[in-house]
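The values are calculated or read from the model by the stated rules, or taken from the named source; none is laboratory data. Fair warning: this is a prediction, and the values are worked out from it, not measured in the lab. Because the Cβ atoms are built from the backbone with ideal geometry, glycine has one as well, and the counts that use them run over all protein chains shown. The area values use the complete protein model at the heavy-atom level, side chains included, leaving out ligands, DNA and RNA. Shrake-Rupley method; radii C 1.70, N 1.55, O 1.52, S 1.80 Å.
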Amino acid sequence: MANLSSVCYAILALLGASQALQLVTRDVDIAGVTKFQSALLLIDGKQTTCESVLVDSNAGFVAASCLKYTSDGDVDTDVKYELAVRAGGSTTTEVYPITQIDSHKEYNPETYVNNLAVIQFNPDKEVTWQNYIGIDPEEWDDHYFIRRSLSSVSSLTWNNIIAFANTDTP
């Protein structure tokens, strides 16, 4: 039960940092994935392979394994964490400093159990938006694997999206 309560704590922390979430029936096809905001974790100004699940313009999730840790197991705060966020349906990209990271208290870097961290960014709230979150996977016709990456961090140029439906073979 400790694992479940820790996960609930992380989700509640995210919800508290967020405005009211907009839960909707999921309606997307493989061609429509570019309508959604996407984000990529940058560490010390360099691209990682870690994408973020964005809830809104202030908060999201990232794999805890993407972060750097001190010898005592805390997130290394000397590292510069940023989020490159691409606005849905456009080519505009903004880079925001990540101002708070709450890694799951029971994250195990050897087994990847509880591989979750809540991140907060966009501290000046220059832009506000909210992603739509599908609430019931049973209603979904397809599941998608989406991979986004930057071709250039300095110019914030994105590569084409790699996308596969559950019936496709990569």
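In segment 99-138, which residue that is among the aliphatic types (A, V, I, L, M), modelled with pLDDT of 80 or more and closer than 20 Å to ASP56 by Cβ is surrounded by the most Cβ atoms within 10 Å (Cβ to Cβ)?
Let us first name the residues in segment 99-138 that are among the aliphatic types (A, V, I, L, M), namely 101, 113, 116-119, 127, 133, 135.
Now drop any that are not modelled with pLDDT of 80 or more, which leaves 101, 113, 116-119.
Right, trim to closer than 20 Å to ASP56 by Cβ and you get 101, 116-119.
Working: ILE101: 19, LEU116: 21, ALA117: 23, VAL118: 25, ILE119: 27.
Across segment 99-138, the extreme among qualifying residues is ILE119.
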statement: Pairs returned, first residue in segment 55-69 that is under 14 Å from PRO97 (Cα atoms), second residue that is open to solvent by less than 30 Å² (accessible area, probe 1.4 Å) and not in a strand (DSSP E or B), beta-carbon separation under 7 angstrom, 6 or more apart or interchain, are SER57/ASN122; ASN58/SER18; ASN58/ASN122; ALA59/LEU14; ALA59/SER18
task: Kindly indicate the residue of segment 66-96 that is over 25 Å from ILE161 (Cβ atoms) and assigned to a strand (DSSP E or B) and also most open to solvent (accessible area, probe 1.4 Å) among those meeting that condition.
output: TYR69
